[in-house]
1. Please go through region 27-56 and give me each residue that is surrounded by 20 or more Cβ atoms within 10 Å (Cβ to Cβ), under 12 Å from the mean Cα position of the chain (by Cα) and over 15 Å from Ala110 (Cβ atoms), ordered by number.
2. Asp88: over 15 Å from the mean Cα position of the chain (by Cα), among the acidic types (Asp, Glu) and farther than 13 Å from Gln63 by Cα, yes or no?
3. Given the criteria polar (S, T, N, Q), open to solvent by 60 Å² or more (accessible area, probe 1.4 Å) and within 18 Å of Asp12 (Cβ to Cβ), does Ser59 qualify?
4. Which one is surrounded by the most Cβ atoms within 10 Å (Cβ to Cβ) among residues in region 62-81 that are in contact with a Leu (Cβ under 9 Å, 6 or more places away or on another chain) and among the β-branched types (Val, Ile, Thr)?
5. Kindly provide the set of residues from region 13-26 that are open to solvent by less than 60 Å² (accessible area, probe 1.4 Å) and on the phi < 0 side of the Ramachandran plot, ordered by number.
6. If you check Ala110, Ala121, which single one turns out to be in contact with a helix residue (DSSP H, G or I) (Cβ under 6 Å, 6 or more places away or on another chain), open to solvent by less than 60 Å² (accessible area, probe 1.4 Å) and modelled with pLDDT of 95 or more?
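The values are calculated or read from the model by the stated rules, or taken from the named source; none is laboratory data. Here the structure is a predicted model, which is why all the values come from computation and not from measurement. When we count neighbours, we look across all protein chains shown, and the Cβ atoms used for this are built from the backbone with ideal geometry, even at glycine. Only protein heavy atoms, including side chains, enter the accessible area calculation; ligands, DNA and RNA are left aside. Shrake-Rupley method; radii C 1.70, N 1.55, O 1.52, S 1.80 Å.
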Amino acid sequence: MAQTPLTESWHDFGFMVSQARGHRSVDQGVASGAVLIPAGSVVAKTAAGKFVPLAPAASDGTQNAIGIIGMTTDTTLADKKAPFVVRDAEVNASELIWPASITGPQTTAALAQLAALGIIAR
């Protein structure tokens, strides 16, 4: 008898290794972009201050990594509040979610931007 394999999706904050004391590592913000943003996605900020998935080829500021979304958030119909890791944390590098088209140098640059915020990928 064949058994159906179990496919498990990302867990909220499952990418976190450690964080600063209290709630210092995480801020609430507005997720945007008319997409489903999975937990662990590296994000950027728009000029309006909303968090969107990182767009490394952009030139409007959304090419700059500013944090990681903590919970899977569906913004397909409307912007939503969500928690974001924005400072002083260790994360599992293998569990971060990157844009499909990101290159090696762009990933390196984004990891350096996160490190400058104290978000260290291990």
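1. Ala31, Ile37, Ala39
2. Considered against the rule, which asks whether it is over 15 Å from the mean Cα position of the chain (by Cα), among the acidic types (Asp, Glu) and farther than 13 Å from Gln63 by Cα, Asp88 comes out as no.
3. Considered against the rule, which asks whether it is polar (S, T, N, Q), open to solvent by 60 Å² or more (accessible area, probe 1.4 Å) and within 18 Å of Asp12 (Cβ to Cβ), Ser59 comes out as no.
4. The selected residue is Ile68.
5. Gly14, Phe15, Met16, Ser18, Ala20, Ser25, Val26
6. Exactly one of Ala110, Ala121 is in contact with a helix residue (DSSP H, G or I) (Cβ under 6 Å, 6 or more places away or on another chain), open to solvent by less than 60 Å² (accessible area, probe 1.4 Å) and modelled with pLDDT of 95 or more, namely Ala121.
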